[in-house]
There are 2 protein chains.
Amino acid sequence: MSNIAASIITIGDELLIGQTIDTNSAWIAQHLNELGIDVLRRVAVGDDKVAIVKALNEEIANATIVIITGGLGPTADDITKPLLCEYFGGKMVVSEQVLEHVKAMMMKRNRPFLERNLKQAEVPDICTVLFNKMGSAPGMWFDKNGKVVIALPGVPFEMVSIMEDEVLPRFRKQFFSDALLHRSVITAGEGESFIAEKIKDIEESLPAHIRLAYLPGAGMVKLRLTGRAANAEVLGSELDKWQRQLAERLSEIVIAMEDIPLEHVLGRWFAANGKTLGLAESCTGGYVGHLITQVAGASDYFKGSIVCYAEEIKQSLLGVTADMLAQEGAVSETVVVEMARGALKVLDVDYAFAITGLLGPAATADRVEVGTIWMAVADKDSVKTKKFWFPYDRARNKDMAVSMGMLMIWKFISRK
Amino acid sequence: MSNIAASIITIGDELLIGQTIDTNSAWIAQHLNELGIDVLRRVAVGDDKVAIVKALNEEIANATIVIITGGLGPTADDITKPLLCEYFGGKMVVSEQVLEHVKAMMMKRNRPFLERNLKQAEVPDICTVLFNKMGSAPGMWFDKNGKVVIALPGVPFEMVSIMEDEVLPRFRKQFFSDALLHRSVITAGEGESFIAEKIKDIEESLPAHIRLAYLPGAGMVKLRLTGRAANAEVLGSELDKWQRQLAERLSEIVIAMEDIPLEHVLGRWFAANGKTLGLAESCTGGYVGHLITQVAGASDYFKGSIVCYAEEIKQSLLGVTADMLAQEGAVSETVVVEMARGALKVLDVDYAFAITGLLGPAATADRVEVGTIWMAVADKDSVKTKKFWFPYDRARNKDMAVSMGMLMIWKFISRK
């Protein structure tokens, strides 16, 4: 049984010159997918009438639902609204609801109501207005010949708000579809090829309605099973069975049975075990702490971090000595161990993670190669250290260091 | 004079279910653009033969250059390589260079050489192999009827490496084009509509070969001038003139004359003025420090951060008292001022920024509304505080807080 087919069209010159990364398409695709709507294509075009109309014609031909984002702002380079009005043969009228809302927004923000704000309240008379509680540009829903075309603003949180409040609930009612379910097995420490070889026989015996995908990330590979069937309950048990098989085969490297970031895996462990975590970050500048605190409720187990970017902070707060720094250098096992022990003590936590390294690009005065990172995890009884070397640029070296660091914490606490 | 036209095709089911955010397209678009190659469209399709061939046919019809990323990995869901071989009428052969490279990579990583790794060394005999020094899947360059089709792996740093080493230098040689130049004016504190009204007359008098785009971000609006002309030098001076006009008109809100992140704007000021910066972060968990240290050379001015997520860390390290916490609460002006003063002292810096807030979703036991944030910037003589309230979810509230925080530091140091 085939699903409803959708296409996403993203409009904006900024996408074609690469100034903006398109996060909207991913969000929309994910949420349509959860409903059982298949996104067949995603197309990005510039603020250009001919290109927009061409994309509209092509995507409407192939998909039942077309979602357009962008091009609805109040400035001169945003041309989508009048274009859609013409395309669907309507005329522009002022929406009183939108007008009131825009006026109220401007007043609340102490901003004057400008002529171009009035433009924002104009909508084609042949669409259903989708209220935008987060911003001034309303969404629009067009029905034509059994196809649905939806236009949404490009600002991500405005798009999300209209999708959640207006679009997804209508889709749920309007379209029937098969159940579509996912199961994930998250692994760490081995590559895609290794895993593929190890689970070859399981992969080959998957039935036609269940697919396996490999999603590699930094130090991790996510395996995702996707199943489609009429009966959600039966499909669910079936997927559970395959998920268990994969997890058993890969038990040495499995870190989670659902697609959650590593900081959530850590968070669950710390919350469940009533233990606390503290950090001493040098080269990562606070990045580990930032990720740990992305998890709501992190205050139950995360106490803080000493970001000791300068050597004197390592000394004054973490008990690293001038001698150690002189003899071993700031990027050394001795210093990272002292940082971890210092964090255990000064933050008064059960577990501490410490990291010091040279991310690049310049080698400065240090005695280690650019890309060298030392990490340590400690509890009151023991400390484990590891040296890494990454060959990338500064930002990617930092990303890798943080991923590997969180993985190291996870291995330490789970004794793997 | 028209530029060379390009299309980008991104392949992978993970893009259509929204599991992966497409950063590759933005990177490619940006770098083609710098060369003067216009990206007309970006299309994402799944790991599906029919969809890939359809996209290829359509994009080749409209563009001179088609760049494909993804679908080249060693696992069963990657089908692009044999498909392209068939599409261009070639046959698969083993590339000795790639084979040696893959073997060497596996050995260096202490991994066995598997049968599927051998597959990675196979390439169509009718393409130019683009060496991938960062990974095992080579890039491929196909020439056909004056069109160029390039296939690259989907792993971002592998794609970047092949583009930089192999593809962009060849494009530079092979394609002629007009000069294309950009100028930016970065503003903070006013919205798109306000700015558009303020510079209306300038925008209207821009010549046809110069365009103005508005790129709104968190608390900021970037204005980008794009010009095309035969003579790069003349165009450059012309753009400089328009950029100056915009900057003079918007002088109250201009923070930079080039498109760099706020952390770089701050970094330049601190480096140029020989001053140091320290932080005391509660709700942001280290995020401000992470961004500040994204800048190479941050160690010249950034000393560190006390990430005081728990109240006891605010007390033990920053001099916040139990009385203050009991009377005012952790999210209060009194506490944030004490945090900033504490950071000035304990980190021994010229300027300190402090932040404490309630990001949500739960209101916990605090006496402030979810989304409330207090910030302070201090030097030895003065302290400035500000209260914010953000209506979004946890992650976006954090993003907003960090943007507004860096802006607050900038306003304080630049005395605006």
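Hey, what does the equivalent ellipsoid look like for segment A:262-414, semi-axes from the Cα gyration tensor as sqrt of 5 times each eigenvalue, largest first, whole Å? Kindly include the intermediate steps, with their values, before the conclusion.
Values: eigenvalues 115, 61, 31 Å².
Equivalent-ellipsoid dimensions as semi-axes: 24, 17, 12 Å.
For helix A:333-346, report the angle its Cα long axis makes with the longest principal axis of the Cα atoms of chain A; keep it between 0 and 90° and round to the nearest 10°.
It is inclined by approximately 80 degrees.
Can you list, shortest first and in nm, the gaps between the label point of residue A:112 and those of its counterparts in the other copies, using a point 7 Å from Cα in the C-beta direction?
7.5
At q = 0.16, 0.20, 0.23, 0.28 Å⁻¹, work out log10 I(q)/I(0) for segment B:179-256 with the Debye formula, treating every Cα as an identical point scatterer and leaving solvent out; two decimals please.
Debye intensities relative to I(0), on a log10 scale: -0.54, -0.82, -1.04, -1.40.
Based on the alpha-carbon set only, what is the convex hull volume of chain B divided per residue, in Å³? Present the calculation step by step, with values, prior to reporting the outcome.
Numbers: hull volume 78.6 nm³, N = 416.
Value for chain B: 189 Å³ per residue.
Put the label 7 Å from Cα along Cα→Cβ for residue A:245; what are its distances to the other copies, in nanometres, shortest first?
Copy-to-copy label distances for residue A:245: 6.9 nm.
With contacts defined as alpha carbon pairs under 8 Å and 6 or more residues apart, what's the relative contact order of segment B:179-256 in percent? Write down the numbers at each step before the final one.
Values: 119 pairs, mean separation 37.0, N = 78.
Relative contact order, segment B:179-256: 47 percent.
For segment A:251-356, run through the GluC sites (Glu not before Pro) and keep only the ones in DSSP coil with at most 14 other Cβ atoms within 10 Å of their Cβ.
Values: sites: A:252, A:258, A:263, A:281, A:311, A:312, A:328, A:333, A:338; in loops: A:252, A:258.
When the GluC sites (Glu not before Pro) of segment A:251-356 are filtered for loop state and at most 14 Cβ neighbours within 10 Å, A:252, A:258 remain.
Counting only DSSP beta bridges with both residues in the protein assembly as shown, tell me the antiparallel percent, nearest 5. Walk me through the intermediate numbers first.
On the way: 97 of 153 bridges.
Given both bridge residues lie in the protein assembly as shown, the antiparallel proportion sits at roughly 65 percent.
Given the rule -39500 (n - 2.57) for each run of at least 4 DSSP H residues, summed and divided by the residues of chain A, what is its mean residue ellipticity at 222 nm, to the nearest 500 deg cm²/dmol? Before the final figure, lay out the partial values.
Values: 17 runs with 169 residues, N = 416.
My calculation for chain A gives -12000 deg cm²/dmol from helical runs alone.
Suppose R0 equals 30 Å; then what is the FRET efficiency for residue B:174 and residue B:258 from their Cβ-Cβ distance, rounded to the nearest 0.05? Don't jump to the answer; show the numbers that get you there.
Values: r = 30 Å, r/R0 = 0.99.
With R0 = 30 Å, the Cβ-Cβ based efficiency is 0.50.
Using a label position 7 Å from Cα in the Cα→Cβ direction, what is the ascending list of nm distances from residue A:234 to the same site in the other copies?
Spacings between copies for this position, smallest first, are 7.4 nm.
Rounding to the nearest 10 and keeping the result within 0 to 90°, find how far the Cα-based axis of helix B:49-62 lies from the longest principal axis of chain B.
90
Can you give the extra length, in nm with one decimal, that the chain gains between residue A:218 and residue A:362 once fully stretched, where that is 0.36 nm per residue apart less the Cα-Cα distance? Please list the in-between numbers first.
On the way: separation 144, 0.36 × 144 = 51.84 nm, distance 2.36 nm.
Result: 49.5 nm gained on full extension.
According to the square roots a ≥ b ≥ c of the eigenvalues of the Cα gyration tensor, what is the shape class of segment B:86-222, taking rounded for a/c under 1.5, prolate for a/b larger than b/c otherwise, and oblate for the remainder?
Numbers: a/c = 4.02, a/b = 2.16, b/c = 1.86.
Prolate, since a/c reaches 1.5 and a/b exceeds b/c.
Might you report the magnitude of the Cβ-based charge dipole of segment B:179-256 about its Cα centre, with Lys and Arg at +1 and Asp and Glu at -1, to the nearest 20 debye?
Dipole of segment B:179-256, to the nearest 20 debye: 220 debye.
Using alpha carbons only, how many angstrom separate the centre of segment B:128-155 from the centre of segment A:3-24?
Going from one Cα centre to the other spans 24 Å.
Need the C-alpha centroid separation for segment A:263-295 versus segment B:257-293, integer Å.
A separation of 22 Å, based on Cα centres.
Could you work out the percent of alpha carbon pairs in the protein assembly as shown separated by over 47 Å, rounded to a whole number?
24
Report Rg(Cα)/(2.2 N^0.38 Å) for segment B:159-300, keeping two decimals. The partial results should precede the final answer.
Working: Rg = 18.7 Å, N = 142, 2.2 N^0.38 = 14.5 Å.
Compared with the compact-globule rule of thumb, segment B:159-300 sits at 1.29.
Counting other C-beta atoms within 10 Å, which of A:254, B:50 has the fewest, and how do the rest follow? Walk me through the numbers before you get to the answer.
On the way: A:254 17, B:50 9.
Least to most surrounded, the residues fall as B:50, A:254.
Only Lys, Arg, Asp and Glu count, each charged at its Cβ (+1, +1, -1, -1), so figure out the dipole size of segment B:111-241 about its Cα centre, rounded to 20 debye.
On the way: 17 positive and 18 negative charges, 63 e Å.
In total the dipole reaches around 300 debye.
Tally Lys/Arg at +1 and Asp/Glu at -1 over every other residue whose Cβ is under 13 Å from the Cβ of residue B:352; what's the total? Present the calculation step by step, with values, prior to reporting the outcome.
Working: positive: B:275, B:303, B:341, B:345, B:380, B:384; negative: B:281, B:338, B:348, B:350, B:379, B:381.
Neighbour charge sum, excluding residue B:352 itself: 0.
Among A:222/A:411; B:200/B:222; A:398/B:314; A:54/A:91; A:386/A:411, which pairs are too far apart, with a Cα-Cα distance over 19 Å?
Values: A:222/A:411 17 Å; B:200/B:222 16 Å; A:398/B:314 27 Å; A:54/A:91 21 Å; A:386/A:411 12 Å.
Check vs 19 Å cut-off fails for A:398/B:314; A:54/A:91.
Specify, for chain A, the residue whose C-beta is closest to the rotation axis mapping it onto chain B, with the distance given in whole Å.
Rotation axis A onto B, closest Cβ, rounded to whole Å: A:286, 1.
Evaluate peptide B:39-51: per residue, the Cβ atoms of other protein chains within 10 Å of its Cβ; return the mean as an integer. Don't skip to the answer; put the middle values down first.
Numbers: counts 8, 7, 9, 10, 8, 12, 5, 4, 2, 1, 0, 0, 3.
So the per-residue partner count for this stretch is 5.
Grab the beta carbon distance between residue A:100 and residue A:126, set R0 = 22 Å, and tell me the FRET efficiency rounded to 0.05. Provide the component values of the computation, followed by the final result.
On the way: r = 22 Å, r/R0 = 0.99.
The value I calculate is 0.50.
Put a dot 7 Å past each Cα toward the Cβ at residue B:30 and residue A:86; how far apart are the dots in nm?
Spacing of the two 7 Å Cα→Cβ label points: 3.4 nm.
For the protein assembly as shown, give the magnitude of the charge dipole about the Cα centre (Cβ charges: +1 Lys/Arg, -1 Asp/Glu; no others), in debye to the nearest 20. Write out the running numbers ahead of the final one.
On the way: 90 positive and 106 negative charges, 58 e Å.
The dipole magnitude comes to about 280 debye.
If the cut-off is a Cα-Cα distance under 19 Å, which aspartates and glutamates reach residue B:275, setting aside same-chain residues fewer than 8 apart in sequence?
Within reach: A:311, A:312, B:263, B:300, B:348, B:350, B:379, B:381.
None of the figures in this text is laboratory data; all of them are computed from the coordinates on show. Everything numeric here is computed off the predicted structure, so don't read it as measured data. Methodologically, a virtual Cβ is constructed for each residue, glycine included, from the backbone with ideal geometry; neighbour enumeration extends over all protein chains shown.
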